[in-house]
Structures are given as structure tokens and as C-alpha cells.
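Enquirer: Quick one: this structure, given as C-alpha cells, is what I'll be asking you about.
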Amino acid sequence: MPGIGSGDAAGDIMFNLKTLDYQLTAVTHKFDMNIVEQYLKDIVNYLNFSANIDMDLNIKGNMNDAANINANGKMEINNMHFGKDLHDDYASFEKFSVGIKELDSKNKKYFFDSVMLAHPYFKLERYDYLDNIQRMFGVNSSDIKAAADNPGSFNLIVVIARYLKSFLENS
């Protein structure tokens, strides 16, 4: 796949325009997730983000019903670093992986064969009047709320968070 990042991605999608049903197969190998950084900049005051993703997922669903999804496969995020700058991580991990045997939200079947987090790291710094998390995301998450409430802009992280919230509420 051409672009500025490393890794590769491939996939197939079938989409029914009348019913809005879809079927997606996605495969990536060490795909650079640097695309996420541009959306993070809308919700944090400063950051350095890096990670790559390996996945092999099969997903079926309907665009009108976020809670109606059927998926299986695996996903692994590797070498995630999130912090103030290249040398100062606030959060990181070596690997986060999920193996999905069956995720059928319509029938409330959730069969994961593995969930693993290797070498997690989190740093909390307390200052006189706030901490590093408030400094990064704004007091009471004000920067996140501002990005989420801006109707004139698209933020992939906000869209994914809303989708996950809808999915979890209806599952």
C-alpha cells in the first residue's frame, strides 16, 4: 500500500446499497498507525504517538445498526508509545493482542480466545495545580469535549469512540 507509513494492508469489502449490510475482510502486517496522530492533535495539547498494527479480521454488519455486528479474527497493536515527546512516554506497551473466535452482538455471543497486554507502562506526574493527564487533555477533559462537540470537523477517534459507546450500550 503506498503512503508515508510502513507496513502493508489489504482487504475486501462488499456493501449492499439497499440494505446497508456490509462484509469486510482486512489484513495488515506492521501497518504504521501514524494516521491516528492527526486526530489526536485535536484532543491533546502536545503529543508523540507511534504504533503499528497486525490484524486479520472478518466483519459483517449493517451501517444502520452499530450493535449488530459479527466478527472473528485477531488484532495486535505493537510498540505503542504515547507521550509528551519522542523520549518522554506517558503510556506505552510492547503488545496488545485480541483473538476473537466469535463476536456476535445480535445474539450476545462474545467468545475471545485470548486478550494479552505485554509490558504496559503508565506515568502520572502531579504538579501544583493539575497533573500531566489534565495538562495534556485539558482540565476535566475539556480538549476532548471541544473536539467531540465541533460539528464542522471530522475526528476519527471521536467517531470510533461514539461507535464503541453505542455498541457497548446495546450489547
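Enquirer: Out of 94, 76, 102, report the one residue that is of a type in the set (D, E, K, R) and either in contact with a helix residue (DSSP H, G or I) (Cβ under 9 Å, 6 or more places away or on another chain) or farther than 27 Å from residue 40 by Cα (or both).
Expert: 102
Enquirer: Inspect all residues belonging to the stretch 7-29 and state whether any of them is within 20 Å of residue 117 (Cβ to Cβ), touching a strand residue (DSSP E or B) at 6+ places or on another chain (Cβ under 8 Å) and surrounded by fewer than 16 Cβ atoms within 10 Å (Cβ to Cβ).
Expert: So far as the stretch 7-29 goes, no, none of its residues is within 20 Å of residue 117 (Cβ to Cβ), touching a strand residue (DSSP E or B) at 6+ places or on another chain (Cβ under 8 Å) and surrounded by fewer than 16 Cβ atoms within 10 Å (Cβ to Cβ).
Enquirer: Could you tell me which residue of the stretch 83-97 is surrounded by the most Cβ atoms within 10 Å (Cβ to Cβ), considering only residues that are at pLDDT 90 or above and among the charged types (D, E, K, R)?
Expert: This residue is 95.
Enquirer: Next question. If residue 80 satisfies all but one of (1) surrounded by fewer than 17 Cβ atoms within 10 Å (Cβ to Cβ); (2) modelled with pLDDT under 95, what's the number of the condition it fails?
Expert: Going through (1) surrounded by fewer than 17 Cβ atoms within 10 Å (Cβ to Cβ); (2) modelled with pLDDT under 95 one by one, residue 80 breaks only (1).
The values are calculated or read from the model by the stated rules, or taken from the named source; none is laboratory data. Quick caveat, the model's predicted, so the values are computed rather than measured. Neighbour counts are summed over all protein chains in view; Cβ atoms, including those assigned to glycine, are modelled from backbone coordinates with ideal geometry.
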